[in-house]
Amino acid sequence: MSLATDFSHRMTRHHADLLVRGGTVHTPNGAERIDIACLDGRIVALGDLSPQWQAGETIDATGLDVLPGVVDSQVHFREPGMTHKETLDAGTRGAVLGGVTTVFEMPNTQPLTLSAADLQDKLDRADGRAWCDYAFYMGGSAVNADQLDSLENRPGCAGIKVFMGSSFGDLLADEDATLRRILSHGRRRVAIHAEDEARLRDRYERVRASGDVREHPVWRDAESALNATCRIVRLAEETGRRLHILHVSTGQEMAFLAQHKNRVSVEVTPHHLSLSAPDCYERLGSLAQMNPPVRDKTHQHALWEAVRTGVVDVIGSDHAPHTLEEKAKPYPTSPSGMTGVQTLLPIMLDHVNAGRLSLSRLVDLTSAGPARLFGMERKGRIAVGYDADLSIVDMEARRTISNDWIASVCGWTPYDGVRVRGWPMHTIIRGRTVVRDGGLCKATPCGEPVRFLEADTQTYRA
Ligand code: DOR
């Protein structure tokens with residue numbers, strides 16, 4: 001090769017839509033000081049990209065950590081039916097302000113998400129109104145059990161969600177025969193809310209009589225959770241199905257689930273890792289009321305141990321907004337649920353700074369983990385060819401979380417007044433900067449449905 005040819009090659013200019021320069025980038029290789037070039041929504045180059053790359057927009061990420069886009073695989077955005085609590089617009093706005101780039105939304109809306117038409121209605125509502133990418137769970141129940149194998153493969157479907165114990169809304173499948181039918185129809189991982197309905201019913205009278213929210217983890221005790229988890233894992237073994245146990249809240253379940261990693265993945269929530277009884281109920285009253293409940297420190301330590309030892313696969317927020325008026329009703333008529341999508345990352349970054357987990361483990365839990373479990377196409381890692389979804393964070397920024405900052409329609413967080421170290425600064429969705437310096441910087445939402453490897457992608461854009 002002549003020197004002249006070599007010289008002209010080095011002078012070649014590449015053009016990107018967006019360049020992220022100078023950050024500490026968390027790739028599958030580890031943390032690297034590299035630049036990222038994004039074009040047409042994808043990552044097209046990684047490395048020392050100056051000076052040959054130019055772009056319409058550049059983000060200087062010097063001093064910042066660039067994480068793969070955070071996926072929150074459990075949120076309740078209440079649409080349709082309960083837009084006084086939350087909407088797809090406000091819920092996803094909270095997501096991006098909190099550094100979340102993709103959400104999976106839950107089916108206990110009104111109507112419940114049980115049919116192809118219900119799913120399509122949600123997809124239509126999200127179109128042009130969602131600030132981040134999204135998928136919707138299909139509810140699994142006695143009425144649609146036999147159709148679930150085709151329903152779970154609908155475009156935009158995150159999979160099947162089953163409530164074994166009543167929580168909020170009418171979605172319930174607690175009989176073994178129904179659960180067996182649900183598990184026998186389909187192939188994708190089934191997400192489970194595991195609390196034992198019969199035991200919850202038996203024990204309800206005691207909290208109704210006391211009216212004391214501190215009794216919440218006594219009513220919905222560790223055994224209610226463990227019984228349901230053991231039962232559904234046995235049924236999954238019988239039917240050959242894989243499971244995803246949502247919001248695991250007890251040490252006993254973690255010990256049991258560690259023995260079943262061949263077919264079961266595990267989620268924990270920031271609130272179970274951060275709040276504990278009795279303190280949270282004394283401080284926050286029914287704002288801390290959640291299903292399954294926030295429990296005492298013994299359980300919380302076991303959850304952290306399961307994070308450390310790798311039993312936990314993902315962190316999801318279980319963002320479940322209710323208005324302050326609804327929460328002010330006397331316990332136990334007060335609904336269970338709290339916001340979480342916007343605070344997931346700040347709260348977890350603070351735990352990283354406190355030394356409870358590493359930043360690379362957090363990336364595993366919030367990006368690589370969900371992408372692996374749910375078979376998300378082109379998401380979950382910073383790599384050439386992947387979607388340019390980035391959560392750029394300042395690990396040194398100290399901020400106070402406040403209700404004013406919360407985008408949710410219900411307008412409150414259980415962390416109001418909590419000071420954290422570590423904050424989401426810029427949120428990039430498929431190469432578009434949606435949040436810059438902590439503020440929304442786009443006029444219109446650009447969220448799209450997630451594509452899944454296991455689903456029937458042939459019909460995706462039908
Ligand atoms: O506390 C909860 N509230 N747990 C759930 O699983 C459902 C949620 C809701 O939708 O409000």
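The values are calculated or read from the model by the stated rules, or taken from the named source; none is laboratory data. These numbers were taken from a predicted model, which means no experiment stands behind them. Because the Cβ atoms are built from the backbone with ideal geometry, glycine has one as well, and the counts that use them run over all protein chains shown. When the accessible area is computed, the model is the full protein with side chains, heavy atoms only, and any ligands, DNA or RNA have been set aside. Shrake-Rupley method; radii C 1.70, N 1.55, O 1.52, S 1.80 Å.
Looking only at residues in the range 104-130 that are more than 12 Å from ARG154 (Cβ to Cβ) and small (Gly, Ala, Ser), the one that is most open to solvent (accessible area, probe 1.4 Å) is GLY128. All conditions but one from (1) part of a loop (DSSP other than H, G, I, E, B); (2) over 18 Å from LEU440 (Cα atoms); (3) touching a residue at least 12 places away in the same chain (Cβ under 8 Å); (4) open to solvent by 10 Å² or more (accessible area, probe 1.4 Å) apply to PRO414; the one that does not is (4).
Scanning the range 321-337 for residues that are open to solvent by 20 Å² or more (accessible area, probe 1.4 Å) and not in a loop (DSSP other than H, G, I, E, B), we see that the one that is nearest to the ligand (Cβ to nearest atom) is GLU326. Entry remark, the range 150-203: residues being within 30 Å of GLU377 (Cβ to Cβ) and charged (D, E, K, R) number 7 in total. Condition (residue is more than 15 Å from the ligand (Cβ to nearest atom), touching a strand residue (DSSP E or B) at 6+ places or on another chain (Cβ under 7 Å) and open to solvent by 20 Å² or more (accessible area, probe 1.4 Å)) applied to the range 275-290: is it met by at least one residue? No, because not a single residue in the range 275-290 is more than 15 Å from the ligand (Cβ to nearest atom), touching a strand residue (DSSP E or B) at 6+ places or on another chain (Cβ under 7 Å) and open to solvent by 20 Å² or more (accessible area, probe 1.4 Å).
Count of the range 6-23 residues, restricted to those that are of a type in the set (A, V, I, L, M, F, W, C) and modelled with pLDDT of 95 or more, is 4. The set of residues in the range 424-456 being of a type in the set (A, V, I, L, M, F, W, C), in a loop (DSSP other than H, G, I, E, B) and more than 22 Å from LYS122 (Cβ to Cβ) consists of CYS441, ALA443.
For GLU237, the criteria (1) open to solvent by 20 Å² or more (accessible area, probe 1.4 Å); (2) assigned to a loop (DSSP other than H, G, I, E, B) hold in every case but one, which is (2). Within the range 157-172, the set of residues being surrounded by 21 or more Cβ atoms within 10 Å (Cβ to Cβ) and either within 14 Å of the ligand (Cβ to nearest atom) or more than 30 Å from GLN289 (Cα to Cα) (or both) comprises LYS161, VAL162, PHE163, MET164, GLY165, SER167, LEU171.
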